[in-house]
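The values are calculated or read from the model by the stated rules, or taken from the named source; none is laboratory data. Computed from a prediction, not measured in an experiment: that's the story for all the values here. Cβ placement follows ideal geometry from the backbone for every residue including glycine, while neighbour counts extend to all protein chains displayed.
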Amino acid sequence: MIGIYNLWLFFVPGYGIIWASMIWADRKREKPIEDPEFYQMPGGKKCMAIGWIWLIVLLVICLFTSVNFGILFWIGLPLYLFGIVLNLVAMNSFAQFTGELNTTGIYRYSRNPMYVASFFFLLGLCLIGWSTTVWSIVLFIFFIISTPFYHWTVLLEEAFLENKYRETYREYMNKTPRYIGVPR
């Protein structure tokens, strides 16, 4: 049942903050973070369509998943907040950078910090709403399915960036972990 204490209460402001930061970063650097050329490559439009469907499905699931104020709530809340903060740090890094390939700020430690942030955001939502209800289980399955989707998207984006920036991107790939780590 849709209720006031359902996960939408966390999903909507969380994604609202993330989208607002993306708009801010786009305006500050005067060009979009998401390269329009990416959507012209093979798989790019499919990736965008799946991404929008993913977002709508997640919102619907969150409308019906109750917040569970047990111990997992207190574990999930910091993960959810970490996902939002990490995304804000990534957006700030992009906003400060006006060149072609961003390898500064948080991008020195992860080639894909926004996807890492999304992983923590979604994991936090799963834990905040965890129970044995059907909607909670559907959310968990959705989270499990989302992980390979994120990875597929990352692989598409990396192939696009390698094609666009050639040796510069290859050097960046050799120095910087795909998800999380210490630069080489």
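Determine whether N87 is under 23 Å from N163 (Cα atoms), within 14 Å of the chain's Cα centre (by Cα), surrounded by 19 or more Cβ atoms within 10 Å (Cβ to Cβ) and modelled with pLDDT of 90 or more.
Answer is no for this residue.
For the range 166-184, name all the residues that are over 22 Å from the mean Cα position of the chain (by Cα) and either among the polar types (S, T, N, Q) or more than 16 Å from T104 (Cα to Cα) (or both).
R166, E167, T168, N174
Out of the residues in the range 26-65 that are in contact with a Phe, Trp or Tyr (Cβ under 6 Å, 6 or more places away or on another chain) and either outside any helix (DSSP H, G or I) or modelled with pLDDT under 90 (or both), state the one that is surrounded by the fewest Cβ atoms within 10 Å (Cβ to Cβ).
Here the residue is K45.
For residues in the range 1-25 being over 19 Å from the mean Cα position of the chain (by Cα) and loosely packed, with under 12 Cβ neighbours inside 10 Å, which is nearest to I128 (Cα to Cα)?
It comes out as Y5.
Are there helices (runs of 4 or more DSSP H) fully within the range 91-184 with at least 3 residues that are touching a helix residue (DSSP H, G or I) at 6+ places or on another chain (Cβ under 9 Å) and buried (at least 19 other Cβ atoms within 10 Å of the Cβ)? List them.
Here the list reads 113-128, 134-165.
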